[in-house]
Every structure is written in structure tokens, then in C-alpha cells.
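Presented below is the structure to which this report refers.
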Amino acid sequence: MTVSSQVIPAPTAPAPGAATPPPAGSLAPLGRFDRLAPRLHRYGLVMLRAGLGVVFVWFGVLKVIGLSPAAALVVDVLPFTAGDWFVPALGWAEVALGLWLTSGRTRALAMPVLTAHLCGTFAVLVLTPSVAFSHSNPLLLTLVGEFVVKNVVLLAGVVVVTTHPRP
């Protein structure tokens, strides 16, 4: 089957003052942001990894030294009686997780461990909903509920930095 020149419209000249489109088959020149975005993305991943690592280490150290505002919440939500050793041990685990995450080593193993830890924080929503929700309404978060739900963002960050291919 052939296409006649009568069916294909003839090219028209652009209006005076209008930008001329790039020739067919060529790429449009990249804007400043488009040229900068890959570098920003690379730096953003480094910043995200470092930021997540710092948060884990910081929160862990607070548990180890006995100054974590979340320590009572951790103990209250546990389905077993925890000894005085539990919160500091959890703190040391968080310090180790933060350092592991920051190092970027064995990411395939780090992701499920970090994911399990963060998902464990969601136990508050299930085991003690009265602490997380006002008036038993799952849309009305308390301060504790907001503290727990923000871990969705931490979890997303962990997934991004542990699954992004190395350059």
C-alpha cells in the first residue's frame, strides 16, 4: 500500500516570532533543570541514605542512654514483659541498622531487616489503637499515631536507597 502525497499535508511555515520545533528525529535541547536533575538525584540518594542513617543512630542512642521519649511506648506495646535490657538493646540494634544503612553494604540483606524493624513500629496501631487514634477513629491520629505513621516515609526511603542500582 502506498501513500499519496495528496493525503499528507504539506509542511507549513511557522508563524512569525514562533519558536521553530527541532527537526524530526533530533532531540530537543535539555533545559537547565533537565541537565541538573541526574546530578541532584545522585546527591539526593546520598543525602537520603545519610539522613536515614543519622535518624536510626540518633533514635538508637537516645534509647541506649535512657533518654528516648519513645521508650515507654515501646515497652507498653510489647506483647510480653520486657526487662530493663530491652529498650537499650533495641537502641543498639537501631544504631547498628543506621550504620549499616549509611555504609551502603549488603543492601539486599539490609532492606528486609530495616523493613521488618520499621513494620514492627506499626504494632502500636494494631496492639494499642487507643494510643494511636483519637475517639477510636483511624483518621484522627494522636501525637503517638503521627509518630508511628511517619515511618511510612522512612520505610519508603529505606526501599529507595537499598534498591537503587549503584552507578
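The values are calculated or read from the model by the stated rules, or taken from the named source; none is laboratory data. Being a predicted model, the structure only gives us computed values, none of them experimental. These accessible areas exclude ligands, DNA and RNA; they are computed on the full protein's heavy atoms, side chains included. Shrake-Rupley method; radii C 1.70, N 1.55, O 1.52, S 1.80 Å.
Students sometimes get this wrong: rank D34, D84 by accessible area, probe 1.4 Å, all chains present, largest first.
The residues order as D84, D34, largest area first.
Principal axes first, then extents: for the Cα atoms of the stretch 122-167, list largest minus smallest coordinate on each axis, whole Å, largest first.
Result for the stretch 122-167: principal-axis Cα extents of 49, 16, 13 Å.
What order do R49, R42 take when sorted by accessible area (1.4 Å probe), most exposed first?
The ordering from most to least exposed comes out as R42, R49.
For a distance above 15 Å, tell me the whole-number percent of Cα pairs in the stretch 61-152 that qualify.
Roughly 64 percent, rounded to a whole number.
Using 0.36 nm times the number of residues separating L45 and A156, minus their current alpha carbon distance, what extension gain do you get?
Contour length minus the Cα-Cα distance gives 38.7 nm.
May I ask you to give the percent of accessible area on the stretch 111-167 that is carbon plus sulfur, with a probe radius of 1.4 Å?
C and S atoms contribute 75 percent here.
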